């Protein structure tokens, strides 16, 4: 029943899934930390990143096509290095989206009902609905997949590792290091951490918390866009992901502790690995259930998260 | 009626919509859908408007009510179907079964989860709906997975239908549905109206507005929250059972998060949380917008061809506008104040209240 090599093999797959959840979680936890509510539009922000990257990528290859052709269920594209500039544009767009929603939606609401956690949360649902409508209008409902052909797995001792997993995990590590440098080695990072920690105290110490919030949203948006494109490369591009991705990412953030990027990192990996390992014993349709169980357990035992003081 | 009818018909025909088409749709489809949403919105209003419970899993209880009542009314599985076989109950009884099932789920979920902070509760309730859907889809022999169940007995068929035919009515199906919905909407509306006059409801509002004061009056917070949650969820389940009977076919994909949870929230927000009358307005407005948009598809210019995306955008914008400029909805809650307050004082209280919708 407990075949360790099988467990490790699936755990390796889980690192791939988990890295994406971690990345999205890190993006979410940054905004969650300064705004004190979970941004329900986070999933659709990821999807926006996916679609923008897709379109830029297609443009660079000389193809212009927004709606997928009705022929098959999905449209296949081949991957090439053009994905990198597309990725950057996607990240910037999502960052801009984050800043825009803060300016147009969340800040006016905060001014009107300063103590409320509830109204901004419902507002983020409104943003999610709006975003879903816009995405569906421009890009349609048909899912698409990136096709990179048959790429052989690498061998690590006894285990197979898909190169895709390695790339995604590597990106996660790179981003973590960069984020660490930003948060702990720059002044801006310090103000971000201060505002996330205790915004009244930060304001009193002379930090322009509104500006810092904007910066935090922007950085969070960059990470979210990146997570979206990675998801697209690993799984597919589809609008419905905007809702289904919410549970794992929210769970990662809560497990790790709100506002704590390293917690979200670990939480995401835990969830990703647990999901994939569970396949050994139960039907893959239950993966979301596993995430949910982890979330409930953490909420009942240690609601402030596993990695907070 | 005839003269007026023909005048209106002349007005509308150039636009390609016939008057009788709209009337048909209105009486047959729209009112039925709006009725179900009204029940859902009232129930959510109880949980959210009265007590501030953040239930984002409305669709979960709806689904449980629908499926339970379906399982209790459908016959033995056919050749390619696999589901749990239970005794077949006549129509109102299987609805009650659905209601009870939703209530039991609410009990199980509510006990550990209701004490969580608002945002946590929201996330957990979103998760519940997803879990239930994946369980329905992945478990063999439970509810026939993705193919769903069919052949559910329609409400009060055939008695109601025969009765209507006796009176000489043509479109028996639609009218039967409408009558059943109207009956239950009135019943539940009455129930909620009476409920709001009880001391129990007053306690709920006290709890919502000032969580610290309630224990001082000796109220058991946890019990109150659980009661509200369970009662609201049972009504949501009942709506699910009703809706399943009317469509006579259900499958996991017909219960999508968006239409059964988020849309209901928009209705409650727009209509005004806390006031049942406002909810009616909110439901009619949003349901009309959401489901009515397809009616006008023919008359819209050709570049607006993707009506589904557009209605999403419109609903999103409306919701955001309301939240930013009028968070208490069309008919905001009237604060219950002493009759010795002057009108100015009451207005000031309403103004203050606009600044906080949550405890």
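Taken together, the values in this text are just the output of simple stated rules run on the coordinates, not laboratory data. All values reported here derive from a predicted model rather than from experimental measurement. Cβ: placed from backbone, ideal geometry, glycine included. Neighbour counts: every protein chain shown.
Okay, helix-only estimate at 222 nm for chain A: each DSSP H run of n ≥ 4 adds -39500 (n - 2.57), divide by all residues, round to 500 deg cm²/dmol; what do you get?
On the way: 13 runs with 212 residues, N = 309.
About -23000 deg cm²/dmol.
Take the Cβ-Cβ distance between residue A:302 and residue A:156 as r, set R0 to 35 Å, and report the resulting FRET efficiency rounded to the nearest 0.05.
0.55
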Cα pair distances of chain A binned at 10 Å [whole percent]: 6, 27, 35, 23, 8, 1, 0
Label-point gap, in nm, between residue B:197 and residue B:317 - each point 7 angstrom along Cα→Cβ: 4.3 nm
FRET efficiency, 1/(1 + (r/R0)^6) with R0 56 Å, evaluated for residue A:7 and residue B:326 via beta carbons: 0.55
Among A:234, A:155, A:288: highest mean-square fluctuation, GNM of chain A, C-alpha pairs under 10 Å: A:155
Most fluctuating residue given options A:25, A:33, A:189, as computed from a GNM of chain A linking Cα atoms under 10 Å: A:189
Compactness of region A:269-309 - radius of gyration and Dmax, Cα, Å: 11.4, 36
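Please rank A:184, A:159, fewest neighbouring Cβ atoms within 10 Å first, as an exposure proxy. If you can, show how the numbers build up before the last one.
Values: A:184 10, A:159 14.
Ordered by Cβ neighbours within 10 Å, fewest first: A:184, A:159.
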Two-decimal Rg/Rh across region A:166-240, once Rg and the Kirkwood Rh are taken from alpha-carbon atoms: 1.11
Cut-off 12 Å, label 7 Å out along Cα→Cβ of residue B:190, residues of region B:220-256 by amide N: none
Gaussian network model of chain A, springs between alpha carbon atoms under 10 Å - residue of A:97, A:201, A:265 with greatest fluctuation: A:201
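For each of A:235, B:58, count neighbouring Cβ atoms within 10 Å of the residue's Cβ, then give the residues from fewest to most. It would help to have the intermediate numbers written out before the result.
Values: A:235 17, B:58 28.
Lowest count first: A:235, B:58.
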